[in-house]
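Inspection log for the structure reproduced underneath, given as structure tokens.
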Amino acid sequence: MQSASSGFHFQPGRLLAVLFPPTCILCGAPGAEGRDLCAGCAAELPFNRHSCPRCAVPFDQSTPVAALCGACQRRAPPFERVFAALRYETPVPSLVADAKFRGRLNTARLLGDILADGVRDQDAPLP
Ligand SMILES: [Zn+2]
Ligand SMILES: [Zn+2]
């Protein structure tokens, strides 16, 4: 037999969102989609969308999509695939340093969410 519903369901995530509303870690504007990043700053992040399918080194726009980079063609690396969601360009180095060395756990969470989004959205099978 089920107990009577009180109509109140404690949801820690929602309480945190009320007490600490998502705020863009780059510009301070309200965050979008529950994250500490606004839509404008998200659109300007250096996503690594065009890269070597094996080692993820960024390509310029003239390189064919399915091509391996020169290093991977000359000598295949001892791994099948690398996924890098972002290129190591501004503001990524400072975000990584914030997460690694300055105890900014919200930045680590945001980078993890971006990585998870990218892994989920790619066509390749998951490991
Ligand atoms: Zn922003
Ligand atoms: Zn490569």
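Given points 7 Å out from each Cα along the Cα-Cβ axis, report the Glu80 to Ala56 separation in nanometres with one decimal.
In this crude label model, Glu80 to Ala56 measures out at 1.6 nm.
If you rank Ser62, Ser51, Ser94 by fewest surrounding Cβ atoms within 10 Å, what's the result?
Ordered from fewest to most neighbouring Cβ atoms within 10 Å, Ser62, Ser51, Ser94 come out as Ser62, Ser94, Ser51.
Estimate the FRET efficiency between Glu33 and Gln11 by the formula 1/(1 + (r/R0)^6), using the beta-carbon distance for r and 22 Å for R0, to the nearest 0.05.
0.80
Quick one: if the Förster radius is 22 Å, what FRET efficiency do Lys100 and Thr23 give, using the C-beta to C-beta distance and rounding to 0.05?
So, using R0 = 22 Å, E works out to roughly 0.60.
Helix-only estimate, please: 222 nm mean residue ellipticity of the chain, summing -39500 (n - 2.57) across DSSP H runs of length 4 or more and dividing by its residues, to the nearest 500.
Taken over the chain, the calculation gives -10500 deg cm²/dmol.
What are the residues whose amide H is under 5 Å from the amide H of Asn48, where those residues sit 5 or more places off or on another chain and H is modelled from the backbone?
Those lying under 5 Å, H to H, from Asn48 are Leu86, Arg87.
Tilt of helix 92-101 relative to the longest C-alpha principal axis of the chain, in degrees (0 to 90, nearest 10)?
The two axes meet at around 60 degrees.
About its Cα centre, how strong a charge dipole does the stretch 1-123 have in debye, to the nearest 20, once Lys and Arg get +1 and Asp and Glu get -1 at the Cβ?
Charge dipole, the stretch 1-123, about its Cα centre: 360 debye, nearest 20.
Once phi is turned into ³J(HN,Hα) by the Karplus curve 6.51 cos²θ - 1.76 cosθ + 1.60 with θ = phi - 60°, what whole-Hz value does each residue of the stretch 24-37 show in order, with x for glycine and proline?
Each residue of the stretch 24-37 in turn: 4, 6, 9, 10, x, 6, x, x, 10, 6, x, 10, 7, 7 Hz.
Under the rule a/c < 1.5 gives rounded, and otherwise a/b versus b/c splits prolate from oblate, where does the stretch 69-118 land using the Cα gyration tensor?
Taking the square roots of the gyration eigenvalues as a ≥ b ≥ c, the stretch 69-118 is prolate.
At 10 °C and 1.306 mPa s, what whole-number value in µm²/s does Stokes-Einstein give for the translational diffusion of the chain, with Rh from the Kirkwood sum over Cα pairs?
91
Read-outs throughout are calculated quantities, based only on the coordinates presented, and are distinct from any laboratory measurement. Note that the structure is predicted; figures quoted are calculated from it, not measured. So basically every Cβ, Gly included, is an ideal-geometry build from the backbone, and we count neighbours across all protein chains shown.
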